[in-house]
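Single-structure report; data block below.
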Amino acid sequence: MRRLLMKASLLALACLAGWTGTAQAQNREKSWELNPYVGYLTFEKTEGEKVLDDTWDIGFRFGYHWTKHHLIEFGFFGASTKNGANDLNVDLLGGQVNYDYNFFVARRDRVVAFATGGVGVMNISTFGFVAEPDAVGDKVEVTYNVGGGVRFFGGRRAGFRMDVHRTHFSDNGVDVNYWEIGAGMSIVLGGTY
């Protein structure tokens with residue numbers, strides 16, 4: 001069922017990417033932006049081995065454009081993976097606050113690239129049967145992320161968005177870094193032209 005849902009989401013996003021129309025001023029002053037998305041988390045090796053297995057995630061961001069170039073954005077996501085070394089199940093639930101700076105790269109603002117960076121928190125919940133009971137439980141870690149992306153608008157209110165973020169946190173003294181590649185809709189509400 002999970003694979004079917006992911007395939008349906010990717011198909012819907014691909015259809016949205018092909019959607020065209022006249023576009024004007026998507027990143028408007030004093031407007032709100034909504035961004036539901038699906039993503040893929042790729043964990044980097046730490047001391048020669050991966051701490052967590054790569055996995056899919058799903059999330060939602062919303063932000064406020066105080067000018068066409070400046071956006072403050074809040075995001076939430078969830079993912080489920082495994083710790084390969086201990087064969088533990090790991091649930092990740094995170095939230096973050098990011099600042100985005102927008103670059104307009106096409107006429108009539110149809111294509112908007114952006115750079116982003118911010119901080120957040122992540123709840124890491126591990127569970128399973130292991131010999132060390134201390135390895136199981138919940139903890140909250142502070143995260144830092146940087147990244148960028150691009151929005152392709154087909155109309156004044158909606159478009160397709162792709163992001164890449166590199167996130168870092170420390171789990172019991174072990175540095176964990178991962179890349180998140182996400183794709184979703186970008187819906188703009190309100191604002192002045």
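The values are calculated or read from the model by the stated rules, or taken from the named source; none is laboratory data. It should be emphasised that the depicted structure is a prediction, and the values quoted were computed from it without experimental measurement. Cβ placement follows ideal geometry from the backbone for every residue including glycine, while neighbour counts extend to all protein chains displayed.
Worth pointing out:
- Where F160 falls short, out of the listed (1) crowded, with 16+ Cβ neighbours inside 10 Å; (2) over 20 Å from Y40 (Cα atoms): (2)
- Among (1) more than 22 Å from L34 (Cβ to Cβ); (2) of a type in the set (K, R); (3) touching a residue at least 40 places away in the same chain (Cβ under 8 Å), the one test that K139 misses: (3)
- In region 134-156, the residues that are over 26 Å from M185 (Cβ atoms) and outside any loop (DSSP other than H, G, I, E, B): D134, A135, G137, D138, K139, V140, E141, V142, Y144
- Residue identified as modelled with pLDDT of 90 or more and closer than 25 Å to L52 by Cα among G184, G128: G184
- Some residue of region 50-72 being touching a helix residue (DSSP H, G or I) at 6+ places or on another chain (Cβ under 6 Å) and either exposed (fewer than 15 other Cβ atoms within 10 Å of the Cβ) or β-branched (V, I, T) (or both): no
- The set of residues in region 177-193 that are hydrophobic (A, V, I, L, M, F, W, C) and surrounded by fewer than 20 Cβ atoms within 10 Å (Cβ to Cβ) comprises W179, I181, A183, M185, I187, L189.
- Set D54, D109, D87: member being at pLDDT below 95, within 17 Å of the chain's Cα centre (by Cα) and of a type outside the set (V, I, T): D54
- Residue within region 157-173 that is over 20 Å from G94 (Cα atoms) and at pLDDT below 85 present: yes
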